[in-house]
Every structure is written in C-alpha cells, then in structure tokens.
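First comes the structure, then the notes that go with it.
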Amino acid sequence: MKIGTDGVLLGAWTSLKTHPFSILDIGAGTGVLSLIMAQRSDAEIIDAIEIDDYAYEQCVENFEESIWADRLFCYHASLEEFVNDMEDRYDLIICNPPFYTEDYKTPNNKRNLARFQDAMPFDYLLKSVSKLLSNNGVFSVIVPFKEEKEFTHLASKNNLFPNRILNVKGNPTSEIKRSLIEFSFHKSDLEISELIIETNRHLYTEDYIILTKDYYLKM
C-alpha cells in the first residue's frame, strides 16, 4: 500500500493546539498518520485500528521500527469491535477513510477494502467518533470535496460541528478535489482556507512545501 498525498496532508494539517494526551487513528493502513502524529506531538497514547491483515502487519512493523514505538499501538480489529470494547475517550481522532464509490471498484478485494466507502460508511464512522471522542476533543478527517456537505450534515446529527476546513486543489486551474475538516462538539466561527498542491507537474507550491516538508525525504 503506497503512501498517498491525502494521508500526509491530513497528518500535517491537523491542529495540535489542544496538546492531546491521547490520539486515535481510525483505519490506520500502514500507520502513516499515527507516525506523523508521533513526530509532531507529545501525546503519550497513540492508538491505531486496522482490520486488514496485511496492512495491520505492516503497521505494527512500522511502529516497532520507529523511534516512537513506546507511544504507538495498533489494534487488529474492526471499528465496531473497537467501539464496543473501548471505554476510554480520545483527545484527538484522525481518519483518512475509504471513500471511493462503486464506480471505482476493482477485482482486487484487498484494494477494495482499503479504498472504498462500503468498508467504513460515513454515518457509522461519525457515530463511532461521537462515542470515542472526549468532550473537548477534536476529530480531523479528509473527504472528497463533493462529499463535504453531506459529511458535515451527518456529523451534525452526532453533535459534531466543523471548526476548520481546508479545500485542496491539485493545481491553480483544477477543481477542488479534497476537503480536510476539523470537528468538535463545540460550535465556533468556521475557518475556511484553500491549498494548491502544484503549479505544474512536480513543481510544488510554497504553501504545500511548508506544510509537508517535514514528512518527505525529498521536498
């Protein structure tokens, strides 16, 4: 499983102003988001959940080989199992969910599980987050821009309200592709900003470089 731009963007953009003691990464994949959180924060507990066998094994290996291994732990479980068994609440929950639709399905079942919305429906994700997030906690997520309104609507049904949104465009002339959204249980003035990744192919904007340079070897 490759490391995608979405995961790096979300990990770099997510606010740590609340200085979270505990962080949860839902659908960790190979653990990139958790590792970025470990690099950026002083959180003493960074838990991850991953249901896919192969991704879970990769995630555990990556955690064990990192310099933050003592703060990282991955659960091999579904979100449903985790919610039912976990009594603790997290100060920060972060998620790069599978959100591709039926139109994009491939014959590769493992790829489908990792990428597609039916592996983690948005409504169930948000219900689970509302149960796992502490009262003053923050939920940070990335979704397709076309899903932003529906996602925030579903979130409001679970008393989660958007506080910050970053709209991402691939280049200056392209349409908005992704929305990074930060939620909490508290309503506030919504802060909306925009990020353009490239001016031309592999010519990255200064804003993108500043945001992500700490997580790439060559940037």
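Annotation note: Cβ proximity below 7 Å between a residue of the stretch 166-179 that is farther than 13 Å from P144 by Cα and a residue that is of a type in the set (D, E) (sequence gap 6+ or interchain) occurs for N171/E198. For the stretch 84-181, no strands (runs of 3 or more DSSP E) sit wholly inside it while including 2 or more residues that are modelled with pLDDT under 95 and among the hydrophobic types (A, V, I, L, M, F, W, C). Restricting attention to the stretch 79-97, the residues that are of a type outside the set (V, I, T), over 16 Å from the mean Cα position of the chain (by Cα) and surrounded by 13 or more Cβ atoms within 10 Å (Cβ to Cβ) add up to 4. Contact annotation: residue pairs with Cβ atoms under 6 Å, 6 or more positions apart or on different chains, pairing a residue in the stretch 23-39 that is over 13 Å from P98 (Cα atoms) with a partner that is among the basic types (K, R) and assigned to a helix (DSSP H, G or I), are A38/R71. Somewhere in the stretch 199-210, is a residue open to solvent by 60 Å² or more (accessible area, probe 1.4 Å), of a type in the set (D, E) and in contact (Cβ under 8 Å) with a residue 12 or more places away in the chain? Looking for residues that are open to solvent by 60 Å² or more (accessible area, probe 1.4 Å), of a type in the set (D, E) and in contact (Cβ under 8 Å) with a residue 12 or more places away in the chain, one finds at least one in the stretch 199-210, hence yes. Figure legend. Inter-residue proximity from the stretch 47-61: first residues on the phi < 0 side of the Ramachandran plot, second residues among the basic types (K, R) and open to solvent by 60 Å² or more (accessible area, probe 1.4 Å), beta-carbon distance below 7 Å, spacing 6+ or different chains. Indicated pairs: D52/K110; Y54/K110. Within the stretch 19-31, restricting attention to residues that are modelled with pLDDT of 95 or more and of a type in the set (V, I, T), the residue that is surrounded by the fewest Cβ atoms within 10 Å (Cβ to Cβ) is I26. Condition check: part of a helix (DSSP H, G or I), modelled with pLDDT of 95 or more and under 22 Å from the mean Cα position of the chain (by Cα). Does D207 satisfy that? Yes: the conditions hold for D207.
The values are calculated or read from the model by the stated rules, or taken from the named source; none is laboratory data. Remember, it's a predicted structure, so these values are computed and weren't measured experimentally. Heads up, the Cβs are rebuilt from the backbone with ideal geometry, glycines too, and the neighbour counts pull from every protein chain shown. Note: accessible area is taken over every heavy atom of the protein model, side chains too, but ligands, DNA and RNA are not part of it. Shrake-Rupley method; radii C 1.70, N 1.55, O 1.52, S 1.80 Å.
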